[in-house]
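In what follows, a structure is listed as structure tokens, so that the remarks can point back to it.
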């Protein structure tokens, strides 16, 4: 058995092993209701990771995703009353535009993406603080339930978030597999110079990748705001690390080009199971960050394609 | 050639001119800005940030990046406090031993950073970002989310004892900045940072042990983060898991705004000193002239982009990631 041929299968094997391992230790874990609610709880994180996948797929990174989601919780809370259902459109448009801005700064101004997105994240944080007046905001519960109630709650035993997640996953999968954009992104991720040489408008597609990342981070923020019925400038802090981990353990390496949104779905489930197992084994919530930091290093080390980097800086 | 020369000159002098212009601007809007008390306030705010920024300067000169500072500062600050209290709770009674201890811990964090980055061949921004998360996590773990206080007058003298209006910590930081400059300009290690940053493959071909230089750089940065951690404790009188929060954004911004190029080899400690002053003058000035403080992060974001754009020679770059 060649390890390179097995490599694409690592993520779901890891997931299976983890589920069985936790299941053996705690049979309650394997009950469908528990598994479903586990999956439902992770959906905001999944949506953010889904967006990040596009940024990482082209060999970049989007460190603004968390600040974006933070800001969107505030935007959603502030404008729900005046805009009604259209607030969703506003959120996605803001996310898309700011993602586009990150992409523009990266591709046209030659600022590395981790700096440009960090800077755009700073902008988001300022805007969130300004809009919220540095307070935690609440949504009008009746209005939220009427307009966005369908996002949360349950149909049978299935959390409604899962439908949203599956729908977004399907859209992203379609973009990735069946559109020019998807193929172009793969080309850029696999070899940017070669893609540019064969006539692909690399800059435009990269900007779109960052825009999608921003838009999905906004959706994640919106869902989070609906779930918590409010927003604050730091409410989604703690999302960025697990979201990056989800993308990487799913099998989309930092160097880009392989993997994709389906991998991220598996990666997010791995994150969910790791989280749940930490609870079962009595690892406190405060230690999760450490564990995920170490998992992140391991995941990068295992997935990265070093032949693409002449020197590792 | 002329263009090259002006470019060099611009990178060298532009940050300083910006700093002077900012001081004049804020003074013109509100004369209260130009007062010794206010300068002391800026200096106190800038002191720990300068130590973090100098640490990361060495790394950026090598063409790498270190994003672990938030975790490293929090962890060293927390461990320093615990060690300080355990050793007697006063500087005289043995608490001074906590200082070398914190420096060693900082160095160790840097060592792990460097080893993960070099041995596992992981890009430094991701290796150090992950290590930063681990550091913050460890600080949360150790404190259990609590605040650790230090109430030793001798140690707090760093903040309270003023010479010519400026607290002791400012002088300590100035001395350490000179030390950093000495390391950068007058030691083999310092010159090697520039060799690696200027062209890694050339440095390697000339027989330089690039990997060792990189790891040593991260260790050095870690030691400076530990100093920053202790200064934060001296400034606030306490440490907790968020003691290092926001240092990542501020320090990277400062270094870049000061004119240290992100791809390595250009700029140095003095650029960073100017950059830290620019960032802190802006932060302070915006408050003095009455702008709300939430504008700061956005301003810094714009500033860092502007600085990278201005310092990038676009003819030499085909693409960035």
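Any chance you could tell me what percent of the C-alpha pair distances in the range A:40-236 go past 28 Å? Tail of P(r) above 28 Å: 27 percent of Cα pairs.
Shielding by partners for peptide A:101-113, expressed as the average number of C-beta atoms from other protein chains within 10 Å of each residue's C-beta, is 4.
Counting only other chain Cβ atoms within 10 Å of each residue's Cβ, the peptide A:298-304 averages 3. Judged by the ratio a/c of the largest to the smallest principal axis of the C-alpha gyration tensor, the protein assembly as shown counts as rounded, that ratio being less than 1.5. Would you mind classifying the range A:202-267 by shape? Square roots of the alpha carbon gyration tensor eigenvalues, ordered a ≥ b ≥ c; an a/c under 1.5 is rounded, otherwise it is prolate if a/b is larger than b/c and oblate if not. Verdict is oblate for the range A:202-267.
Does the range A:50-107 come out rounded, prolate or oblate by the C-alpha gyration tensor, with a ≥ b ≥ c the root eigenvalues, rounded set by a/c under 1.5 and, if not, prolate when a/b is larger than b/c and oblate if not?
It is prolate, given that a/c is not under 1.5 and a/b is the larger ratio.
Within the listed set B:209, B:192, B:271, the residue fluctuating most in the Gaussian network model of chain B (springs between alpha-carbon atoms under 10 angstrom) is B:209.
On a C-alpha basis, how far is the centre of the range A:114-183 from the centre of the range B:136-170 in Å? Whole number, if you could? Distance between centres, Cα-based: 40 Å. Note that the range B:31-131 shows a convex hull volume over its alpha carbon atoms of 130 Å³ per residue. Full extension of the segment from residue A:301 to residue A:204, taken as 0.36 nm per residue of separation minus the current Cα-Cα distance, would add 31.9 nm. Taking the Cα of residue A:284, stepping 7 Å toward and past its beta carbon, and measuring to each backbone N in the range A:222-245: which are under 19 Å? Within reach of a label on residue A:284, which here means backbone N under 19 Å from a point 7 Å along Cα→Cβ, the range A:222-245 contributes A:238.
Kindly provide log₁₀ I(q)/I(0) values, in the same order as q = 0.10, 0.16, 0.19 Å⁻¹, from the Debye equation applied to equal alpha-carbon scatterers of the range A:202-313. Values returned for q = 0.10, 0.16, 0.19 Å⁻¹ are -0.37, -0.91, -1.18. Counted by neighbouring Cβ atoms within 10 Å, the residues B:51, B:286 run from fewest to most as B:286, B:51.
Each of A:57, B:225, B:194 was scored by other Cβ atoms within 10 Å of its Cβ. Listed from fewest to most, they are B:194, A:57, B:225.
Exposure proxy for A:13, B:44, B:227, B:104: other Cβ atoms within 10 Å of each Cβ, ordered fewest to most, give A:13, B:104, B:44, B:227.
Once R0 is set to 45 Å, what does the formula 1/(1 + (r/R0)^6) return for the Cβ-Cβ distance between residue B:120 and residue B:22, expressed as a FRET efficiency to the nearest 0.05?
Working: r = 42 Å, r/R0 = 0.93.
In this case the efficiency is close to 0.60.
Applying 1/(1 + (r/R0)^6) with R0 = 60 Å to the Cβ-Cβ distance of residue B:291 and residue A:17 gives a FRET efficiency near 0.65. Between A:112, A:242, A:32, where does the largest GNM mean-square fluctuation fall for chain A, given springs only between Cα atoms within less than 10 Å? In this elastic network of chain A, the residue with the biggest mean-square fluctuation among A:112, A:242, A:32 is A:32. Sort out for me the Cα centre separation of the range A:250-282 from the range B:235-310, rounded to whole Å. Here the two parts' Cα centres lie 34 Å apart. Here the protein assembly as shown carries DSSP beta bridges of which approximately 100% are antiparallel, counting only pairs with both residues inside. The value given for the range B:35-244 is a Kirkwood hydrodynamic radius of 17.5 Å, derived from the mean inverse Cα-Cα separation. Residue by residue along B:139-151, Cβ atoms of other protein chains within 10 Å of the local Cβ number 2 on average.
GNM on chain A, alpha-carbon springs under 10 angstrom: the most fluctuating residue among A:92, A:120, A:200 is A:200.
For the residue pair residue A:183 and residue A:141, what label-to-label distance in nm results when each label sits 7 Å from Cα along the Cα-to-beta-carbon direction? In this crude spin-label approximation the distance works out to 5.3 nm. Dividing the summed helix terms, -39500 (n - 2.57) for each DSSP H run of n ≥ 4, by the number of residues in chain A produces a 222 nm estimate of -23500 deg cm²/dmol to the nearest 500. Normalising by residue count, the range B:177-321 has a Cα convex hull of 147 Å³ per residue.
Since every read-out is calculated from the coordinates, none of them should be taken as a lab result. Quantities reported herein were computed from a predicted structural model and do not represent experimental measurements. Glycine gets a Cβ as well: all are built from the backbone with ideal geometry, and neighbour counts include every protein chain shown.
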